[in-house]
Amino acid sequence: MLALNLPKNVQVTSGENYVCVAGPLGTIVKKSSKVVFLVKDSMIYCLSGDNPALKQTYLAILRSLLLGVTKGYKRKLRLVGVGFKAFLRENSLILKLGFSHEICYTIPKDIKIVCAKHKGTLLVISGIENARVNQIAVEIKRFRIPDIYKGKGIHYNKEKIKLKKGKREGK
């Protein structure tokens with residue numbers, strides 16, 4: 001039988017169609033079909049038919065939920081370009097990305113964004129659901145996709161962009 005260790009300050013409740021994980025950073029309710037979790041002696045057991053691959057999948061999902069409510073997830077974005085700036089105003093992120101206008105992005109309630117000035121502008125997106133944090137990072141990155149000739153744009157923090165040669169550099 002497959003099992004996970006339950007952290008001290010986390011509570012897990014499950015029913016036929018859902019699992020609810022509550023921890024110090026928040027609560028996540030995830031719909032799950034055909035799976036029931038049993039919490040016993042600070043261990044979580046998966047009771048879901050005879051398919052071991054299905055049990056491992058559900059336990060991996062539950063492991064990511066446990067990590068989200070205890071430590072949380074972060075994604076860092078870097079603004080690369082002359083005059084590229086970002087700052088927070090109330091519950092929105094204001095981006096200056098070289099266009100004739102500012103871009104105003106409304107921050108969802110379950111996501112926290114911090115702007116830092118560290119070798120340019122760095123955005124730190126954090127939340128309790130990994131998929132949601134990555135989705136917000138992709139939405140912000142789409143405002144200015146990195147240019148393959150100059151390298152300007154919004155990058156993930158450790159992302160390497162391979163620059164192409166220009167028309168004049170080829171000869």
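For segment 137-158, a residue qualifies if it is of a type in the set (Val, Ile, Thr) and without any contact (Cβ under 8 Å) to a residue 60 or more places away in the chain, and the qualifying residues are VAL138, ILE145, ILE148. Counting the residues of segment 40-63 that are loosely packed, with under 15 Cβ neighbours inside 10 Å and under 16 Å from THR13 (Cα atoms) gives 7. If a residue must be closer than 23 Å to ALA22 by Cβ, touching a Leu at 6+ places or on another chain (Cβ under 8 Å) and not basic (Lys, Arg), how many such residues does segment 46-95 contain? Result for segment 46-95: 11. So is LYS76 within 30 Å of PHE99 (Cα to Cα), of a type outside the set (Asp, Glu), modelled with pLDDT of 85 or more and surrounded by fewer than 19 Cβ atoms within 10 Å (Cβ to Cβ) or not? Judged against the criteria, LYS76 is a match. Applying the set (1) polar (S, T, N, Q); (2) within 18 Å of the chain's Cα centre (by Cα); (3) surrounded by 12 or more Cβ atoms within 10 Å (Cβ to Cβ) to THR121 leaves exactly one unmet item: (2).
Applying the criterion of being crowded, with 16+ Cβ neighbours inside 10 Å and of a type in the set (A, V, I, L, M, F, W, C) to the residues of segment 1-24, the residue that is farthest from LEU62 (Cα to Cα) is VAL10. Among the residues making up segment 1-37, those that are part of a strand (DSSP E or B), of a type in the set (A, V, I, L, M) and in contact (Cβ under 8 Å) with a residue 24 or more places away in the chain are ALA3, LEU4, VAL12, VAL19, VAL21, ALA22, ILE28. Within segment 97-122, the set of residues being outside any loop (DSSP other than H, G, I, E, B) and under 19 Å from GLU159 (Cα atoms) comprises CYS115, ALA116, LYS117, THR121, LEU122.
Give the residues of segment 13-27 that are within 22 Å of the chain's Cα centre (by Cα), closer than 19 Å to SER48 by Cβ and among the β-branched types (Val, Ile, Thr), sorted by residue number. Passing the criteria: VAL19, VAL21.
Considering ILE94, ILE125, the condition of being more than 30 Å from LYS164 (Cβ to Cβ), free of Cβ contacts under 8 Å to residues at least 60 places away in the same chain, among the β-branched types (Val, Ile, Thr) and not in a loop (DSSP other than H, G, I, E, B) is satisfied by ILE94 alone. Taking the listed residues ASN134, ASN157, the one that is under 30 Å from ARG63 (Cα atoms), surrounded by 11 or more Cβ atoms within 10 Å (Cβ to Cβ) and at pLDDT below 95 is ASN157, with no other qualifying. Take ILE44 and decide whether it is modelled with pLDDT of 90 or more, in a strand (DSSP E or B) and either within 30 Å of ILE145 (Cβ to Cβ) or out of contact with any Cys (no Cβ under 7 Å at 6 or more places or on another chain) (or both). For ILE44, the condition - modelled with pLDDT of 90 or more, in a strand (DSSP E or B) and either within 30 Å of ILE145 (Cβ to Cβ) or out of contact with any Cys (no Cβ under 7 Å at 6 or more places or on another chain) (or both) - is not met. Within segment 53-89, the set of residues being in a helix (DSSP H, G or I), touching a residue at least 40 places away in the same chain (Cβ under 8 Å), touching a strand residue (DSSP E or B) at 6+ places or on another chain (Cβ under 8 Å) and of a type in the set (Val, Ile, Thr) comprises VAL69 only. The set of residues in segment 140-171 being of a type in the set (Phe, Trp, Tyr), more than 18 Å from CYS104 (Cα to Cα) and not in a strand (DSSP E or B) consists of TYR149 alone.
The values are calculated or read from the model by the stated rules, or taken from the named source; none is laboratory data. Note that the structure is a prediction, hence the values are computed from the model and not measured. In this analysis, Cβ positions are derived from the backbone assuming ideal geometry, glycine residues included, and neighbour counts consider all displayed protein chains.
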